[in-house]
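A.B. asks: Structure below; questions to follow.
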Amino acid sequence: MVRFQGFRHFIRTFSRRQGIVVCFVVAFVLLGVLLAVRSQAATYVASSEAEAGAVKAPAVMVEDPNASQGKAVRFGVSAPPGGRTVAVSTAAQLKSALSVAKPGDIITMADGTYSGQFVATASGTVTAPITLKGTRSAIIDGGSLSSGYTLHLGTRNSTSKVSYWRLEGFSLTGGQKGIMLDNVQHSVIDNVGVHDIGHEGIHLRNHSSDNAVSNSTVTKTGRSTQAYGEGIYIGSAHSNWGANSQGKPDRSDRNRIINNSISQTAAENVDIKEGTFDGILSGNKLDGTGMCADTSKSCNFADSLVDVKGSRWLVEGNTGSNMRVTWNSGTAENDAMQNHRISQASAEQSGLNNTFRANTITNVAGYGFNIQSNSTGTAVRCDNTVDSGAKGLSNVACTQ
């Protein structure tokens with residue numbers, strides 16, 4: 001009897017162990033089947049086409065012009081975390097991508113010409129900016145030099161902010177204005193080429209703050225009206241605050257203009273307007289060749305490479321050359337850099353506490369630095385250099 005009970009105990013123990021083993025085997029087989037199905041599905045996603053654009057995430061829809069009269073799409077790589085990679089090759093695709101852009105999107109432009117004027121009002125985030133990129137052979141052409149913005153982020157005179165964009169690598173031409181930022185925050189314009197524009201090349205206005213324009217080339221601006229042909233323009237003149245910044249001083253603050261090449265601008269290479277604060281203009285190559293070239297027309301007092309009317313700006317490490325304009329019967333100041341104090345009471349603290357240091361100036365007819373009186377706190381450091389052809393380093397004493 002004892003032996004029989006021992007045998008029954010053995011059978012029960014063995015059965016429990018065998019059941020556990022069987023469960024493990026079944027689970028392993030099921031896992032293998034699931035992995036196989038997933039692999040086949042992934043292979044299908046990588047190679048299939050869907051008609052009429054019926055595709056779901058995480059695949060990326062890219063138009064394939066060689067399939068189904070351009071109405072089919074091919075599946076691309078999975079979208080990056082927080083956004084999509086959107087490849088465009090036509091103006092219509094670019095307009096569409098900009099109109100539905102979401103945080104984290106990377107819009108890539110194929111080489112070619114995108115004719116038209118383009119607008120975006122969506123915002124990215126600090127961890128998922130929206131990127132528009134292409135090579136210099138991807139060209140946005142705004143058409144007529146007398147009207148419109150070739151690429152416009154934001155809305156004129158609007159309180160709605162647009163934030164966290166990156167514009168990288170491509171070219172712009174045509175249009176009355178090249179790149180316009182209205183109430184844009186925390187965005188970057190890097191390594192773009194802007195040329196042959198009706199008025200200014202790049203303009204940051206309507207409280208556009210904490211942005212950077214870097215490593216870019218701006219040339220041949222003011223092709224329709226030389227008086228408005230600034231290369232890079234920050235803020236708005238006080239007379240335009242009603243139309244551009246809700247009647248308030250245009251506080252386009254803390255913007256950085258760094259390592260750009262600016263030349264052949266019909267007006268100033270860089271114009272920094274009253275009401276802007278705490279910006280940096282550094283490491284830029286500035287060239288006045290071609291400024292105010294048409295002596296029969298107004299140049300709107302453009303007689304310097306850089307005109308600073310804002311306050312607490314740092315202007316350092318720039319190189320400036322070829323400032324010899326002849327408009328206004330040859331009486332233009334022809335200074336490399338000027339600091340102006342706007343007297344209107346509404347122009348809040350214009351021209352105060354700016355610093356010019358470590359800049360190098362060559363071939364300039366006037367002063368290296370011309371500082372208007374009553375520009376309290378503005379300093380020209382003695383480490384700036386100006387060649388012997390100028391009137392001198394500055395109209396005020398330099399400081400160490």
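The values are calculated or read from the model by the stated rules, or taken from the named source; none is laboratory data. What you see is a predicted model; the values in this text were computed from it and never measured. As a convention, Cβ positions derive from the backbone with ideal geometry for all residues, glycine included, and neighbour counts pool all protein chains shown. The accessibility values were calculated without ligands, DNA or RNA, using every heavy atom of the protein model including side chains. Shrake-Rupley method; radii C 1.70, N 1.55, O 1.52, S 1.80 Å.
A.B. asks: Ignoring any ligand, DNA or RNA, what whole percent of the accessible area of the range 91-244 comes from carbon and sulfur when the probe is 1.4 angstrom?
C.D. replies: 50
A.B. asks: Which value in nm describes the separation of the simple spin-label points at T295 and D210, placed 7 Å from the Cα toward the beta carbon?
C.D. replies: In this crude label model, T295 to D210 measures out at 4.9 nm.
A.B. asks: Direction-averaged shadow area of the convex hull around the Cα atoms of the range 100-185, nm²? Please list the in-between numbers first.
C.D. replies: Numbers: hull surface 21.2 nm².
So the Cα hull casts an average projection of 5.3 nm².
A.B. asks: May I ask you to list the aspartates and glutamates whose Cα is less than 13 Å away from that of K220, ignoring any residue fewer than eight positions away on the same chain?
C.D. replies: D196, E200, E230, E268, D287
A.B. asks: Enumerate the amide H contacts of R223 below 5 Å, restricted to partners 5 or more residues apart or on another chain; note that Pro and chain-start residues carry no placed amide H.
C.D. replies: I197, G198, H199
A.B. asks: Apply the Karplus parameterisation 6.51 cos²θ - 1.76 cosθ + 1.60, with θ equal to phi minus 60°, to every residue of the range 84-100 and state each ³J(HN,Hα) to the nearest whole Hz, in sequence, with x for glycine and proline.
C.D. replies: So the Karplus estimates, Gly and Pro as x, are 10, 9, 10, 8, 10, 9, 10, 4, 4, 5, 5, 4, 5, 4, 5, 6, 10 Hz.
A.B. asks: Show me, for the range 311-320, the HN-Hα J-couplings you get by feeding each phi into the Karplus relation (A = 6.51, B = -1.76, C = 1.60, θ = phi - 60°), rounded to Hz, glycine and proline as x.
C.D. replies: 10, 6, 8, 10, 10, 9, x, 8, 10, x
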